[in-house]
Amino acid sequence: MEWYRVFYWTAKFGSLTKAAERLHITQPAVSHTLKQLEASLGGLLFFRTTKGVTLTTEGEVLFKFVEQAIHFIEIGEKKIAEMQELMYGEINIGASDTLCKHYLLRHLEQFHKQFPDIKIRVTNRTTPETITLLKEGKIDFGIVNLPTSDPNINFRISSPQQDCLVGNHDYAALAEKPFPLEELHQYPLLLLEPGGSTRNFLDEFAISHGVRLKPEFELGSLDLLVQFAQSGFGLTFIVRNYVTEELSSGKLVEIPLTPPVPERHVGIATLKGVPLSAASKRLLEFLP
């Protein structure tokens, strides 16, 4: 590659001296490099004159292609510089519908206002599916529910989440005193479908206290759980911050569970040993 750089600038200036100055090397080094290139190609590329050098017919043919190659390299370098300055780029994120709505969206809005030319793609999947996408290289990073683990993934702890037990006004009497977990089986229960990290977390919590959760309804999203609970279908677990409006308006009532569900966190998952793009690094700075 260096041979062709020397060839390009020598042809451009018509001078070994000016090419040497442009490349920050000595004139003998330029002359030696050109001789090596000519020897490897099997023919002369320049006529040497007292005023400098001019291209031979073969040199002119080669110059047309080398000039294109140099220009493509310069364009590539410019694009990399633009990406580093966040004038251009793309970020692929994995996150569940709920985490996207209640956690990611407000931070994406701030990032997009500051860097409107960065494309952002969000793939909505459960935490286990998001981790799979990350390991397959289909996303740059994932927003997941903790606790979860994988030896190939780094997990950064982010915002805390506190699950609470809620029902509509029909269950208001249960909120008057601490409600024992072991009595939960006496009331209809709404839970997410099995397989996701949130459902696994709640099942493991209950089992650790000798209780097995037996839902009457299993639904595919937290938004559906909230709607069904508001309609009086039963009790459900939900992150308190996700239903502040419903709790303040009385559409839902929090029932003080004993023992309470342990606090958990949103996590930011990145693949070990794989560097992030400049745009991804900058977006992660927006995430608490």
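The values are calculated or read from the model by the stated rules, or taken from the named source; none is laboratory data. Remember, predicted model here, so these are calculated numbers, not experimental data. All Cβ positions, glycine included, derive from the backbone under ideal geometry; neighbour counts span all protein chains shown. We work out accessible area using only protein heavy atoms, side chains counted, and drop any ligands, DNA or RNA first. Shrake-Rupley method; radii C 1.70, N 1.55, O 1.52, S 1.80 Å.
Those residues that are open to solvent by less than 50 Å² (accessible area, probe 1.4 Å) and within 50 Å of the chain's Cα centre (by Cα), I need them from region 52-66; list them, please.
If the condition is that a residue be open to solvent by less than 50 Å² (accessible area, probe 1.4 Å) and within 50 Å of the chain's Cα centre (by Cα), then 59, 62, 63, 66 are the ones that fit.
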**Prompt:** In region 220-238, is there at least one residue being assigned to a helix (DSSP H, G or I), surrounded by 19 or more Cβ atoms within 10 Å (Cβ to Cβ) and modelled with pLDDT under 95?
**Reply:** yes
**Message:** Any residue that is free of Cβ contacts under 8 Å to residues at least 40 places away in the same chain, surrounded by 15 or more Cβ atoms within 10 Å (Cβ to Cβ) and on the phi > 0 side of the Ramachandran plot - is there at least one of those in region 38-51?
**Reply:** no
**Prompt:** In region 254-284, which residue that is farther than 25 Å from residue 126 by Cβ and of a type in the set (Lys, Arg) is farthest from the chain's Cα centre (by Cα)?
**Reply:** 282
**Request:** Could you tell me which residue of region 67-94 is modelled with the highest pLDDT, considering only residues that are within 17 Å of residue 12 (Cβ to Cβ) and open to solvent by 90 Å² or more (accessible area, probe 1.4 Å)?
**Result:** 68
**Tally, over region 247-260, of residues that are surrounded by 19 or more Cβ atoms within 10 Å (Cβ to Cβ) and either of a type in the set (Val, Ile, Thr) or part of a helix (DSSP H, G or I) (or both)** = 2
**Prompt:** Here are some conditions: (1) outside any loop (DSSP other than H, G, I, E, B); (2) under 25 Å from residue 99 (Cα atoms); (3) acidic (Asp, Glu). Residue 150 meets all but one. Which one does it not meet?
**Reply:** (1)
**Prompt:** Of the numbered conditions (1) open to solvent by 30 Å² or more (accessible area, probe 1.4 Å); (2) within 30 Å of residue 95 (Cα to Cα); (3) in contact with a Leu (Cβ under 8 Å, 6 or more places away or on another chain), residue 178 satisfies every one except a single condition; which is it?
**Reply:** (2)
**Item:** Residue count for region 87-134, restricted to those that are more than 22 Å from residue 264 (Cα to Cα), over 12 Å from the mean Cα position of the chain (by Cα) and touching a residue at least 24 places away in the same chain (Cβ under 8 Å)
**Value:** 8
**Asked** Among the listed residues 18, 78, which satisfies the condition of being outside any loop (DSSP other than H, G, I, E, B), under 47 Å from the mean Cα position of the chain (by Cα), basic (Lys, Arg) and over 30 Å from residue 278 (Cβ atoms)?
**Response** 18
**Request:** Give the residues of region 165-195 that are touching a residue at least 60 places away in the same chain (Cβ under 8 Å) and either aromatic (Phe, Trp, Tyr) or in contact with a Lys or Arg (Cβ under 6 Å, 6 or more places away or on another chain) (or both), sorted by residue number.
**Result:** 171, 179
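Residues checked against (1) surrounded by fewer than 20 Cβ atoms within 10 Å (Cβ to Cβ); (2) farther than 25 Å from residue 218 by Cα; (3) at pLDDT below 95:
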| position | (1), (2), (3) |
| --- | --- |
| 126 | no, no, yes |
| 135 | yes, yes, yes |
| 138 | yes, yes, yes |
| 144 | no, no, no |
| 155 | yes, yes, no |
| 158 | yes, yes, no |
| 166 | no, no, no |
| 194 | yes, no, yes |
**Message:** For region 196-217, give me each residue that is assigned to a loop (DSSP other than H, G, I, E, B) and over 19 Å from residue 161 (Cβ atoms).
**Reply:** 209, 210, 211, 212, 214, 215, 216
